[in-house]
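What follows is a short report on a single structure.
The values are calculated or read from the model by the stated rules, or taken from the named source; none is laboratory data. Small disclaimer: the values here were computed from a predicted structure and weren't measured. All Cβ positions, glycine included, derive from the backbone under ideal geometry; neighbour counts span all protein chains shown. Surface accessibility is based on the protein's heavy atoms, side chains included, excluding ligands, DNA and RNA. Shrake-Rupley method; radii C 1.70, N 1.55, O 1.52, S 1.80 Å.
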Amino acid sequence: GWCPLSPTGAQTTQLLVEPPWTPAVVWDRVTLTCQGSGTAGATTWYKDGRRWWQKGRDKLLVTKDGTYQCDRPGTRLSPPVRVLNDDLVLQVPAWALLEGDTVTLRCRG
């Protein structure tokens, strides 16, 4: 399912990542979804701090590494999501984890 990379409620706009693993990597065919109370279908995307796509769709298939954020009219900028292009990564689930939780790690390359 969809999982935020930052705590819910911290912002009015959230970036959801699929597949729900962090760090996200380009070769995993990462899809980002901008979710919030603002106007759907009027999403502005930012890559590496610069406006990258204006009034675009709410979903974005990531094809390049970088730091992504989104915004909708009437809401604040989402927390950033970093997408890597590394050859080898150790991934953990993207949802919040608490001390003592059992967690599955993935070593991917």
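Given a 1.4 Å probe, how much area per residue of the chain is accessible, in Å²? Walk me through the numbers on the way to the answer.
Numbers: 6590 Å² over 109 residues.
Result: 60 Å² per residue.
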Problem - Inter-probe distance in nm under a simple model that places probes 7 Å from Cα toward Cβ, at residue 37 and residue 82 - result: 3.1
Handout entry: Within a Gaussian network of the chain (alpha carbon springs, distance under 10 Å), most fluctuating of 25, 62, 17
Key = 62
Completion exercise
Of every hundred units of 1.4 Å-probe accessible area on the chain, the number belonging to carbon and sulfur atoms, as a percent, is 51
Problem - Most mobile of 88, 15, 98 in a GNM of the chain (Cα contacts under 10 Å) - result: 98
Completion exercise
For the chain, the dipole about the Cα centre with charges only on Cβ (Lys and Arg +1, Asp and Glu -1), to the nearest 20 debye, works out at 520
Handout entry: Answer label for P(r) over Cα pairs in 10 Å bins from 0, in percent (calculated), chosen among (i) 15, 47, 29, 8, 0; (ii) 11, 12, 11, 11, 10, 9, 8, 7, 6, 5, 4, 3, 2, 1, 0; (iii) 11, 27, 19, 16, 13, 8, 4, 1
Key = (i)
Problem - Phi to ³J(HN,Hα) by Karplus 6.51 cos²θ - 1.76 cosθ + 1.60 over the stretch 42-49, Hz, x for Gly, Pro - result: 10, 6, 9, 9, 10, 10, 6, x
Handout entry: Long-range HN-HN contacts of residue 58 with modeled amide H, under 5 Å
Key = 41
